[in-house]
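Below: the structure, in structure tokens.
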Amino acid sequence: MSHIKGMDILTLCRAKGSDAPGPVPQGLIRLYSMRFCPYAQRARLVLLAKGIKHEVVNINLKNKPDWFFEKSPLGLVPSLETSDGKIIYESPIVCEYLDDAFPGAKLLPSDPYEKAEQKMLLEAFSAVTPIFYKILMAPKNDDVETEIKSQFFEKFKKLEEALAKKNTPYFGGESVSFFDYMVWPWFEKFGFCGLEGLLDKTPNIKAWQDRMLQDPAVKATYTEQEDFAGFFKLYAENSVEAADYGLN
């Protein structure tokens, strides 16, 4: 079994035909995840940042086991299961639940306006992610890539404006917050997508990224560019082995 830096679970994904896991042990919460999924990484970041005792069951999203739909009605990760059988899914909801239900430093502000501000920023970021995936999947054509990256920057620069206006190290203030973790999984893939040049135009975001790279939860979940490239090559080929890249 090879080791990929930052992967917190080095076991093969559960796929169609696999047995369902048993009950969640008392004192733990279970995360249904996939090692390379940015939405699932959001939940892993929050679990680690808050020091929540948990276990991870990775799911092969190209070859899902039938029982997984009982754990995630939409068949998506992340999904949480508690020891008393409660199910929580959709990444922002999962992460807010973890912040509310467990002790430790709160990632969402207690002030109602500041909390709303983070959620509004997250809505704005949701306009960025579809263009990010267009870049990932775009044919290697300079004109096409340039046009899509231009579209991306038009949306992306709003984050730079928001951070410049706040004039704080992180989007939530002086320490890493909910929003910072919600957007990080896409930022760590900028190099793979050829987007790192945009950071030269967004100095506040560049400084923020440098700070985020020092965060313990970010370090623990970080995927090296070459490992993501190996996964993505298989994923783009629709290979059911993509999710297990690097494990055998």
Enumerate the amide H contacts of E55 below 5 Å, restricted to partners 5 or more residues apart or on another chain; note that Pro and chain-start residues carry no placed amide H. I29, R30, L31
Carbon and sulfur atoms account, in whole percent of the 1.4 Å probe accessible area of segment 153-248, for 49
Taking a point 7 angstrom from the Cα of S150 along the C-beta vector, which residues in segment 121-144 have backbone N less than 14 Å away? 142-144
Accessible surface of segment 1-146, 1.4 Å probe, proportion on carbon and sulfur as whole %: 57
Additional length obtainable on full extension of the chain from E114 to E161, 0.36 nm per residue less Cα span: 15.2 nm
Taking every DSSP bridge whose two residues both lie in the chain, the antiparallel percent to the nearest 5 is 55
Need one number: nm distance between label points at D200 and L122, each 7 Å from Cα along Cα→Cβ, rounded to one decimal. 3.4
Report the one residue of N238, S33, I131 whose Cα lies farthest in the direction of the positive end of the charge dipole of the chain (charges on C-beta: Lys and Arg +1, Asp and Glu -1; origin at the Cα centre). S33
Accessible area per residue, 1.4 Å probe, Å², for segment 17-124: what's the number? 46
Suppose all protein chains stay in the model; what accessible area per residue would a 1.4 Å probe give for segment 142-242, in Å²? 48
The distance between the Cα centres of segment 30-44 and segment 59-112, in whole Å, is 9
I need the peptides 118-128, 68-78 ranked by packing, meaning the mean over residues of other C-beta atoms within 10 angstrom, with the highest value on top. 68-78, 118-128
If you compute Kirkwood radius over Cα pairs in Å for the structure shown, which of (i) 19.0; (ii) 17.8; (iii) 18.4 do you land on? (i)
Nearest 0.05, what FRET efficiency do W67 and F102 give at R0 = 25 Å with Cβ-Cβ as r? 0.40
Stretch E174-D210 to full length: gain in nm at 0.36 nm per residue minus the Cα-Cα span? 11.5 nm
Dividing the helical contributions, -39500 (n - 2.57) per DSSP H run of n ≥ 4, by the residues of the chain yields a 222 nm value, nearest 500 deg cm²/dmol, of -14000 deg cm²/dmol
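The values are calculated or read from the model by the stated rules, or taken from the named source; none is laboratory data. From a predicted model like this one, the values you see are computed outputs, not experimental measurements. No Cβ is skipped: glycine too gets one built from the backbone with ideal geometry, and neighbour counts run over all protein chains shown. Just so you know, the surface numbers come from the protein's heavy atoms only, side chains and all, with ligands and any DNA or RNA stripped out. Shrake-Rupley method; radii C 1.70, N 1.55, O 1.52, S 1.80 Å.
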